[in-house]
Amino acid sequence: MPFEWPNSDQICYRLWRLRRLLALCLLVPVAVGLALAVGAQLPVDHVALALVLIGGLVMMHLVLFPNGTHETLGLTLALSGLLAALPWVNGLGALAPADFAQAGLVFAVTGALVATGLGMAVLVQLLKVLTFIGPSLRLPLRAQIDVGCSVAVALQQFAIKPQIRRGRILTGQADARGFFDVAVASAQDTDPDHAGQPLVGRATAKVLYNDSHSHAVMLLLPCGAISVSALHATPQPAGCRVDLAELAGDFTLGMYVRHWLTDQQADVMTEVADRIIGAEPRANALAHGVSFLSLAGLVLSPSEPVADRAK
């Protein structure tokens, strides 16, 4: 999916949905800035200006690249490192002869910015590795949402059942044992040659329980892990409340942390709720999978167009 500019509703939603990630990303540079100010290594007004700039860049990145969690964290850590290195950058600029002091400072700042960009790229890859290493844990994931519809409609839209085509989900026919195939499409930037095509995840599912208010399904993942998801809808004066509980079978501690920071469970429920009431899609799961580094790569190293892909 190509890059798309967010509208005002999507901007507000992304800042709210990613509030935990934003808080963490602001906490790191603030801690570094306070240490520099208290140690008198930088003037307080310079530290305050730097923190405002870093906060603005982080918020802009969250809004423009809502699915770039690792990249946002890498950007925050790299900028925090740049802030911590500013006293040494000033010192390097001062080493130049008096006639070339300004030019020396420019070279020092340029080198620091280049190092920050390279450090961000390295940190992103390191964070990705740390997210997926480690043993699998069995911790429950819970979320709830109020929807302006009946319980029956909510379960029909939220539940995973055989032979449905709904949003990004497509399921097949159940076999004699009740198992059926599930395909889920999502935005991606892992295949630049086919960036317009979604990344499709596949699993095998079986309905464990289903009645007028509840639904439970088991998912068999390609890696062999088993996940269980349970829905329960409760009538409310203005519609119903849907509670979702899931026990993932292949999540590491890092994946749980990322899931919590991005409030991903609630984001999936928002996607379905917006579709039920006919609202304009806001969910991050529907946003593009383009990252800042992938765009930077296209600018710095553009590829030649291929004739058979001209259309």
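The values are calculated or read from the model by the stated rules, or taken from the named source; none is laboratory data. Since we're looking at a predicted model, the values are computed, not measured. Only protein heavy atoms, including side chains, enter the accessible area calculation; ligands, DNA and RNA are left aside. Shrake-Rupley method; radii C 1.70, N 1.55, O 1.52, S 1.80 Å.
In table form, for the structure just shown:
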quantity: Between helix 264-277 and the chain: long-axis angle, C-alpha atoms, 0 to 90°, nearest 10; calculated: 60
quantity: Overall form of segment 1-147 per C-alpha gyration tensor (a/c, 1.5; a/b vs b/c); calculated: prolate
quantity: Nearest-ten-degree value, helix 69-94 long axis tilted from longest Cα axis of the chain; calculated: 0
quantity: Probe 1.4 Å - accessible area at GLU4, Å² to nearest ten; calculated: 100
quantity: Global form of the chain, assessed from the alpha-carbon gyration tensor, a/c cut-off 1.5; calculated: prolate
quantity: Karplus (6.51, -1.76, 1.60) ³J(HN,Hα), θ = phi - 60°, over segment 220-237, in Hz, Gly and Pro reported as x; calculated: 9, 7, x, 6, x, 6, 10, 10, 10, 10, 10, 10, 9, 10, 10, x, 10, x
quantity: C-alpha long axis of helix 19-38 to longest principal axis of the chain, angle in °; calculated: 20
quantity: Helical contribution to [θ] at 222 nm, DSSP H n ≥ 4, -39,500 (n - 2.57), averaged over the chain, rounded to 500; calculated: -16000 deg cm²/dmol
quantity: Residue order for THR72, THR204 - accessible surface, 1.4 angstrom probe, largest first; calculated: THR204, THR72
quantity: Per residue value of the accessible surface for the chain (all protein chains in place, 1.4 Å probe), Å²; calculated: 56
quantity: Most to least accessible of ARG275, ARG17 (protein chains only, probe 1.4 Å); calculated: ARG275, ARG17
quantity: Protein accessible area in the chain, 1.4 Å probe - carbon and sulfur %; calculated: 66
quantity: Intensity falloff of segment 252-301 expressed as log10 I(q)/I(0), Debye formula with alpha-carbon point scatterers, at q = 0.17, 0.23, 0.24 Å⁻¹; calculated: -0.69, -0.85, -0.87
